[in-house]
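The values are calculated or read from the model by the stated rules, or taken from the named source; none is laboratory data. The structure displayed is predicted, hence computed values, not measured ones. Note that we place each Cβ from the backbone using ideal geometry, even for glycine, and neighbour counts take in every protein chain shown.
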Amino acid sequence: MNQPFHSIYFQISKKMEKHSVELMRYALAIVYIWFGTLKLIGMSPAGELVEKTVFWFKPEIFIPALGFVEVCIGIGFLFKKLIPVTIIILLLHMAATFFPLFILPKICFDSFPYCPTLVGQYIIKNLVLISGAFCVAAKYNYQYYAVLKN
């Protein structure tokens, strides 16, 4: 029984190796376009959190602007030549998404720092998005460099 399992797993893992970064690129695009669009149309469940975090900006202007940037990040993942710039914008965006952990710790944690609320978990999951972006960046960094070099 062990041998067939390993054989099947090996075959699947070869496919994963071949397609995983592309799947990650599309997944990041979908998440960013989807969440950004929700902000653009005023339906984001994160709207209140953004409003409380960036209280010095008018939310009716800032939240749609943030949504626009998120949609642009998502679209950037769909075009391979835009990935290096997209990654930089994503990292700046992601740095800002961690602000509530420090600015609004009572909203983000039941017990700081080890018991995050649902809001805190929503923010902490961004580590996965950052890691996925790094995987995509690593693959397309070489291709982008080759284009610049020629």
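Could you say whether any residue in the stretch 50-70 is under 11 Å from the mean Cα position of the chain (by Cα), crowded, with 17+ Cβ neighbours inside 10 Å and farther than 25 Å from F109 by Cα?
Yes, the stretch 50-70 contains at least one residue that is under 11 Å from the mean Cα position of the chain (by Cα), crowded, with 17+ Cβ neighbours inside 10 Å and farther than 25 Å from F109 by Cα.
Are any residues in the stretch 30-44 among the aromatic types (F, W, Y) and farther than 7 Å from G74 by Cβ, and if so, which ones?
Within the stretch 30-44, W34, F35 qualify.
Given the residues S7, S44, which is the only one that is at pLDDT 80 or above and either of a type in the set (A, V, I, L, M) or outside any loop (DSSP other than H, G, I, E, B) (or both)?
None of the others qualify; the one that does is S7.
Would you mind telling me which numbered condition in (1) modelled with pLDDT of 95 or more; (2) farther than 18 Å from L40 by Cα; (3) among the acidic types (D, E) D110 fails?
Going through (1) modelled with pLDDT of 95 or more; (2) farther than 18 Å from L40 by Cα; (3) among the acidic types (D, E) one by one, D110 breaks only (1).
Could you please tell me which pairs satisfy a Cβ distance under 7 Å, a separation of 6+ or placement on different chains, a first residue in the stretch 37-55 that is in contact (Cβ under 8 Å) with a residue 12 or more places away in the chain, and a second residue that is assigned to a loop (DSSP other than H, G, I, E, B) and surrounded by 19 or more Cβ atoms within 10 Å (Cβ to Cβ)?
Taking only residues 6 or more apart or on different chains, the pairs are L38/S44.
Give the residues of the stretch 17-28 that are surrounded by 19 or more Cβ atoms within 10 Å (Cβ to Cβ) and either under 18 Å from I123 (Cα atoms) or modelled with pLDDT under 95 (or both), sorted by residue number.
L28
Is it true that L118 is exposed (fewer than 15 other Cβ atoms within 10 Å of the Cβ), free of Cβ contacts under 8 Å to residues at least 12 places away in the same chain and under 12 Å from the mean Cα position of the chain (by Cα)?
So L118 does not fit the description; no.
Can you find a residue that is in a helix (DSSP H, G or I), in contact with a Lys or Arg (Cβ under 6 Å, 6 or more places away or on another chain), free of Cβ contacts under 8 Å to residues at least 60 places away in the same chain and under 27 Å from L23 (Cα atoms) anywhere in the stretch 72-83?
Yes; the residues of the stretch 72-83 include at least one that is in a helix (DSSP H, G or I), in contact with a Lys or Arg (Cβ under 6 Å, 6 or more places away or on another chain), free of Cβ contacts under 8 Å to residues at least 60 places away in the same chain and under 27 Å from L23 (Cα atoms).
Only one of these conditions is not met by F57: (1) outside any helix (DSSP H, G or I); (2) under 19 Å from K125 (Cα atoms). Which number is it?
Only one criterion is unmet by F57, namely (2).
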